[in-house]
Amino acid sequence: MVADTKAGVVKGAPSDYEFRVEVDRSSKQVIVLYWAAALFWLTVASIAGIISSIKLHNPGFLGGIEWLTFGRVRAVHWDTAIYGFGGVAASGTLLWLQARLCQVRMPYTKLLIAGGLVFNVGILVGVVGILMGQSTGVETLEFPLYAMPFLVVPYVFIVIANFTMYFKKKSSHTYVSQWYLMAVTVWFPVLVLSAEACTNLGAVDGVAQAIANWWYGHNVVGLFATPTGIAAAYYLIPKVIGKPIHSYHLSLLGFWSNAIFYNWAGTHHLTGGPLPAWTITLGVVGSMMMFIPVITIGINHHMTMLGSFHLLKTSPTLRFAVMGSMLYTVSSFQGALEALRSHQEITHFTHYTIGHVHLGMYGFFAPLMFAMMYYAMPRLMNREWSSARLIRIHFWCTLVGTLLYGGAMCYAGIRQGMMMNDPSIPFLNIVQWTIPFLMSRTLAGLILLSGTVAFLINFVRIVTPHKLTWATPTMLDSDRDWKQILEAEKEAKPQHE
Amino acid sequence: MSRTFVLAFGILLTILSSVTGLVIIPNWQFQALKPVVKADGRRYPEAYFGDSAKGRGVYISQGCIYCHTQQVRMKGYGADIRRGWGTRRSVPRDYLEDRPHQLGTMRTGPDLASIGARQPSESWHALHLYDPQLTSAGSVMPRYNYFFDEVKRGQMPPADAIRLPGNGRGDVTHILPNERGRQLIAYLKRLNQSFPLPEANQ
Amino acid sequence: MSSIHNDDPNPNQEPTHEADVPPDPIFVIHRAAMREMDEPRDGAEPTPVSYILLCFAALMWGGWYIGTYAGTWSADGLAERATAGAAITAPAQNPMELGKEVFGVCVQCHQENGRGVPENYPPLAGSEYVLGDKRKLAALVLRGLGGDVTVAGKHFNSQMPAWDNRDDEEIAAVLTYIRNSWGNKADPLSKEFVAAVRKETEGKGEWRPASLDAFAATPPPAAPVAAPPTAATPQAQTK
């Protein structure tokens, strides 16, 4: 490892780092804006999630208010999580990674900043629309049509910026993260436009619309969030430990099998429904085939990490990245098996699905976005994270919250499904039986929110200028705390006056 | 450059193939499905009109879909039919008039595909929507009290007001569905998949 | 702070103490970018042949699954296997067991213990409707009931939906079940009997207590029990 490190330093050191500084300088405003917005929406989504969760065990909570009825807050929760947090954080990640890997300055920064602002306004418009009762009623595409231009136009800017960087790239080699990023920018627009056309614009109706809806609903996670997360993992793990990624061939196999199979998995969300058998069968096979890319990517990441696990003790970036990669494997295995008809007979329509979604989104995608921010922010701001303790809190809250959430919901879902399939158990008894688990979900939500708040404090601290500068990175085992900054500022003040 | 071409073209191809396979082809197959004409000359499924069409809008705007499905699974797969949620499985033809579809994927509450057949009583729906605890103690369904005008104790209830059981709820003794409440109930009563379709026998 | 704390272990530039910020201004400005490793590279470990073979095995499973479970590849091919129809014809069940299962839909109101909910839903345990005239009972459950009824000495004024969407066998079973549970004891109903009552009450809406009594007082049409099973209504035939 030491040899590797030295080789790396010798090879690229002088010119390389100057370039990185340039690239980071050019992208700073855009990326920080995107990530700050993403964290804002993550907080909104968490609060909406917690409100819906409480409503499910205490229906009287904020009851009788039309704006805050369960069916609306629940839609706001998912849409802000996937578009607000997911979409914005992933776009920031995409732009930063692409700029770095292509070694080019961020193009069209003004346009991207304006686009970022418009995109966020679009989400706000959508959220208010849903709360006012103007949801389209199509799951994951709830935003009223009038919010769509705000979301589509800025995304076009991002796509253009991404392609511009790619075609200006310095090296002839394309790194695996870039494949995924390119794929996202091709897939996502096709996905959104065809799904909107089929559902809200009314090109098809009835069951065909349901298929288009779930083809989209599954792919927005699979062809947008997942590839961005994988791209981040492919970048961060080798970058932090300073070793090359294990195998180019496995990267290749993982990428193309993922691209080919994930597309087809969506219809398993309608297993048992009024669909022609063949559509569901293709969905089941698409999901089961996901074992190939998931295992391949898992091996590739694991073999790269091998021998460097001790770094997890100190590096915040690595810890979040490895947590994300591991839960990627776990939640994808779970998802593939979940598609089987015999499994769906029990767990479909239950809390199991919800547990799975959170293991994927909060166990895999979110930690990788956090890892990205932990890594890039000190470079962009040229300032260190000001509190190691808050990073530790953030990490443990994320891990414990996710596992509690996933564990409680998946277990409850299996039992709930088995009871629903036994007609001698009255429905209300099942509702009552799930309540303790719904409560532990609220608890898990609060834990996750506490982690987010800890991160927010640190984030605000790193973007606002302060006196104390550190020369070393903030590692997990350091005792650095922002109280030190306050003290430093107090000391600094009298001198100033 | 050729590698870039393979990458971009391959990526595009993967998604176009699944759009074709999962969206375009099924839709094209569904074109052949037509409503059936019943013995009394009416079509099944009938288009939504009047109150039931508006009630469908209310159902969507309240997000009932996050707790209720509208699809009955076949006999022997789950216990939907044995629970009385329908007499047969749902088939694509049942949804010809549904736009947007409201199939749903979550059953915090029971399936509603045939709620109109299972619970035709308007006053039951009114009481249940006004406060689910009145009819189903321990339910976690939210109150939709804003779909009702309330009659307070001491006021003279209109003739068609619905009396709350027992001593009422707080000050309220009777309720009367308002416009949206009537529309929603009309929609719920319209949800009925009892009509036997031949393809449902599979 | 020791130099081992290494996010991006680059020994060249790692300062040993927070206070030891080297004077070089470039370093001060860009320390995070300087201390990091090179951009990631690809390793070239080969993929084991056995792993490739495993992937092929998975693909073959997928092919087999599609071949076996894709139904008829048409819009109304809902069953994943042509033979699925055979598997789903449920085996004949003992009426008490089937009845308990069907009773799942009544539980919501009449409760598991058959005692109902005071003021809202009348009890079935010890009810004169349940234990009394079978024809009246079947008619009531098939077509629904509303209005002021007295059950076991208590008044109820509410509504029960019609259960005509359940087939004759299920209605017969659930009635047999409620007539023989929670201390109730009475003779069972046959599905032919239910079919006959269904035919007789065809087109009748929800009963009121009075109209139900009037119905019970009229004699049944000749030999209802002998009605051929084919007399079942269309609803029954859908099964």
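The values are calculated or read from the model by the stated rules, or taken from the named source; none is laboratory data. Note that this is a predicted model, so its numbers are computed, not measured. Please note: Cβ atoms are built from the backbone with ideal geometry, for glycine as well, and neighbour counts cover all protein chains shown. What goes into the accessible areas is simple: the full protein's heavy atoms, side chains included, and nothing from ligands, DNA or RNA. Shrake-Rupley method; radii C 1.70, N 1.55, O 1.52, S 1.80 Å.
Assorted remarks:
- Cα-centred dipole magnitude for the protein assembly as shown, charges only on beta-carbon of K, R (+1) and D, E (-1), debye, nearest 20: 320 debye
- Accessible surface of residue A:425 - all protein chains present, 1.4 Å probe, nearest 10 Å²: 40 Å²
- Of the beta bridges in the protein assembly as shown, as assigned by DSSP with both residues counted there, near 85 percent are antiparallel.
- Expected-Rg normalisation [2.2 N^0.38 Å, Cα atoms] applied to segment A:344-458: 1.35
- Cα pair count fraction exceeding 22 Å, expressed as % - segment A:161-236: 37 percent
- Average beta carbon contacts from partner chains per residue of B:69-77, 10 Å cutoff: 6
- FRET E, pair residue A:453, residue A:487, Förster distance 30 Å, beta-carbon r, rounded to 0.05: 0.85
- Put simply, when C:105-116, A:58-69 are sorted by average Cβ atoms within 10 angstrom per residue, most first, you get C:105-116, A:58-69.
- Whole-angstrom gap from segment A:71-140 to segment B:1-62, using each part's C-alpha centre: 26 Å
- Net charge of neighbours whose Cβ lies under 9 Å from the Cβ of residue C:164, counting Lys and Arg as +1 and Asp and Glu as -1: +3
- Annotation: extensible slack from residue A:418 through residue A:396 equals 4.6 nm (criterion: 0.36 nm per residue apart, minus Cα-Cα distance).
- Cα-based shape type of segment C:160-204, given that a ≥ b ≥ c are square roots of the gyration tensor eigenvalues and the cut on a/c is 1.5: prolate
- Radius of gyration and maximum dimension Dmax of chain A, Cα, Å: 22.8, 79
- Overall form of chain B per C-alpha gyration tensor (a/c, 1.5; a/b vs b/c): prolate
- Shielding score for A:282-290, defined as the mean number of other chain Cβ atoms within 10 Å: 4
- Over the protein assembly as shown, volume per residue of the alpha carbon convex hull, in Å³: 181 Å³
- Heavy-atom accessible area for residue C:194, with the other protein chains in place and a 1.4 Å probe, reaches approximately 0 Å².
- For segment C:95-217, the convex hull drawn through the C-alpha positions has a volume of 93 cubic angstrom per residue.
- Largest accessible area first, the residues A:356, B:125 order themselves as A:356, B:125 under a 1.4 Å probe with ligands, DNA and RNA left out.
- Order of exposure, largest accessible area first, which applies to C:163, C:207 with probe 1.4 Å: C:163, C:207
- Residue (of B:146, B:191, B:128) at the positive-pole extreme of segment B:36-201, dipole from beta-carbon charges: B:191
- Accessible area in the full protein assembly, largest first, 1.4 Å probe, for A:215, A:256: A:256, A:215
- Spin-label model, residue A:124/residue C:64: points 7 Å from Cα along the beta carbon direction are separated by 5.7 nm.
- Each helix, a run of at least 4 DSSP H residues, gives -39500 (n - 2.57); summed and divided by the residues of chain A, these come to -25000 deg cm²/dmol at 222 nm.
- Per-residue SASA entry for residue A:18, accessible area with 1.4 Å probe, Å² rounded to 10: 110 Å²
- Cross-link partners for residue A:490 among the lysines, with Cα-Cα distance under 26 Å and sequence neighbours closer than 8 places in the same chain left out: A:467.
- Rel. contact order, % - alpha carbon contacts under 8 angstrom, at least six apart, chain B: 24 percent
- Residue among C:77, C:218, A:303 farthest towards the positive dipole end of the protein assembly as shown, charges placed on Cβ: C:218
- Out-of-range pairs (alpha-carbon distance over 19 Å; input C:100/C:185; C:136/C:185; B:38/C:191; C:136/C:199; A:28/A:243; B:54/B:189): B:38/C:191; A:28/A:243
- Listed residues B:117, B:72, B:162: farthest to the positive end of the dipole of segment B:36-201 (Cβ charges): B:72
- Averaged over the residues of peptide B:191-200, the number of Cβ atoms from other protein chains lying within 10 Å of each residue's Cβ is 3.
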